[in-house]
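See below for the structure under consideration.
The values are calculated or read from the model by the stated rules, or taken from the named source; none is laboratory data. This structure is a prediction, so every number in the text was calculated from the model and none was measured. Positions of Cβ are generated from backbone atoms using ideal geometry, with glycine treated the same way; all protein chains shown enter the neighbour counts. Ligands, DNA and RNA are stripped out before the accessible areas are found, and what is left, the full protein with its side chains, is counted by its heavy atoms. Shrake-Rupley method; radii C 1.70, N 1.55, O 1.52, S 1.80 Å.
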Amino acid sequence: MSQDDICEICGNELKVTGSRVICEGDDSPDTKTRVFTVLEMECTNPQCSEKGKKKEIFVEQKLSAK
(Lines give C-alpha, C1' and ligand atoms only; values in the text may rest on other atoms or scores of the structure.)
Protein backbone atom coordinates (compact mmCIF):
# COMPACT_ATOMS: atom_id res chain seq x y z
CA MET A 1 0.00 0.00 0.00
CA SER A 2 1.31 3.45 -0.85
CA GLN A 3 0.62 6.79 0.78
CA ASP A 4 -1.81 7.53 -2.07
CA ASP A 5 -4.13 4.89 -0.57
CA ILE A 6 -4.36 6.58 2.84
CA CYS A 7 -6.58 9.52 3.84
CA GLU A 8 -4.40 12.53 4.68
CA ILE A 9 -6.85 13.66 7.39
CA CYS A 10 -7.77 10.53 9.38
CA GLY A 11 -5.27 7.89 8.19
CA ASN A 12 -8.02 5.53 7.02
CA GLU A 13 -7.54 3.44 3.88
CA LEU A 14 -9.23 4.88 0.79
CA LYS A 15 -11.44 2.75 -1.45
CA VAL A 16 -11.70 2.85 -5.22
CA THR A 17 -15.06 4.30 -6.25
CA GLY A 18 -14.42 4.53 -10.00
CA SER A 19 -11.80 4.39 -12.73
CA ARG A 20 -11.10 5.41 -16.30
CA VAL A 21 -8.28 5.13 -18.84
CA ILE A 22 -6.73 8.15 -20.56
CA CYS A 23 -4.13 8.39 -23.33
CA GLU A 24 -1.65 11.18 -23.98
CA GLY A 25 0.50 11.82 -27.02
CA ASP A 26 -1.29 9.55 -29.46
CA ASP A 27 -2.16 12.43 -31.81
CA SER A 28 1.19 12.31 -33.60
CA PRO A 29 3.70 9.56 -34.46
CA ASP A 30 6.43 11.96 -33.26
CA THR A 31 5.04 12.00 -29.72
CA LYS A 32 5.45 9.19 -27.20
CA THR A 33 2.11 7.61 -26.30
CA ARG A 34 1.40 7.31 -22.58
CA VAL A 35 -1.56 5.46 -21.06
CA PHE A 36 -2.84 6.06 -17.53
CA THR A 37 -5.43 4.35 -15.37
CA VAL A 38 -7.08 7.03 -13.26
CA LEU A 39 -8.46 5.69 -9.97
CA GLU A 40 -11.10 7.70 -8.11
CA MET A 41 -10.50 7.19 -4.39
CA GLU A 42 -12.64 8.14 -1.40
CA CYS A 43 -12.31 7.94 2.39
CA THR A 44 -14.90 5.64 3.94
CA ASN A 45 -14.58 6.87 7.53
CA PRO A 46 -17.99 8.38 8.43
CA GLN A 47 -16.31 10.65 11.02
CA CYS A 48 -13.82 12.15 8.51
CA SER A 49 -14.29 15.56 6.92
CA GLU A 50 -12.93 14.08 3.65
CA LYS A 51 -15.71 11.44 3.41
CA GLY A 52 -17.45 11.79 0.06
CA LYS A 53 -14.64 13.85 -1.49
CA LYS A 54 -12.94 12.26 -4.51
CA LYS A 55 -9.18 11.98 -4.93
CA GLU A 56 -7.66 10.91 -8.26
CA ILE A 57 -4.57 8.74 -8.55
CA PHE A 58 -2.88 8.44 -11.98
CA VAL A 59 -1.10 5.11 -12.59
CA GLU A 60 0.97 4.98 -15.79
CA GLN A 61 0.67 1.71 -17.71
CA LYS A 62 3.72 0.20 -19.38
CA LEU A 63 3.45 -0.16 -23.16
CA SER A 64 5.35 -2.79 -25.10
CA ALA A 65 7.46 -1.69 -28.06
CA LYS A 66 6.03 -4.17 -30.57
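Consider E40 against the criteria (1) among the charged types (D, E, K, R); (2) in a loop (DSSP other than H, G, I, E, B); (3) touching a Gly at 6+ places or on another chain (Cβ under 6 Å): it satisfies all of them except one. Which criterion is unmet?
E40 satisfies all of (1) among the charged types (D, E, K, R); (2) in a loop (DSSP other than H, G, I, E, B); (3) touching a Gly at 6+ places or on another chain (Cβ under 6 Å) except (2).
When you check D26 against the structure, is it outside any strand (DSSP E or B), open to solvent by 60 Å² or more (accessible area, probe 1.4 Å) and under 16 Å from E56 (Cβ atoms), yes or no?
In short, no.
Take the residues in the range 32-66 that are among the polar types (S, T, N, Q) and open to solvent by 70 Å² or more (accessible area, probe 1.4 Å); name whichever of them is farthest from E8 (Cα to Cα).
If we take residues in the range 32-66 being among the polar types (S, T, N, Q) and open to solvent by 70 Å² or more (accessible area, probe 1.4 Å), then S64 is farthest from E8 (Cα to Cα).
Just for the range 3-18: of the residues that are among the acidic types (D, E) and open to solvent by 60 Å² or more (accessible area, probe 1.4 Å), which one is nearest to V38 (Cα to Cα)?
Quick first cut of the range 3-18, residues among the acidic types (D, E) only: 4-5, 8, 13.
Now narrow it down to the ones that are open to solvent by 60 Å² or more (accessible area, probe 1.4 Å): 4, 8, 13.
Working: D4: 12, E8: 19, E13: 18 Å.
Of everything passing the filter in the range 3-18, D4 is nearest to V38 (Cα to Cα).
Give E50, E8, E56 a once-over and let me know the one that is of a type in the set (D, E, K, R) and in a strand (DSSP E or B).
Only one candidate passes the filter, namely E56.
V21 - would you say it is modelled with pLDDT of 90 or more, touching a Phe, Trp or Tyr at 6+ places or on another chain (Cβ under 8 Å), exposed (fewer than 14 other Cβ atoms within 10 Å of the Cβ) and among the aliphatic types (A, V, I, L, M)?
It is true that V21 is modelled with pLDDT of 90 or more, touching a Phe, Trp or Tyr at 6+ places or on another chain (Cβ under 8 Å), exposed (fewer than 14 other Cβ atoms within 10 Å of the Cβ) and among the aliphatic types (A, V, I, L, M).
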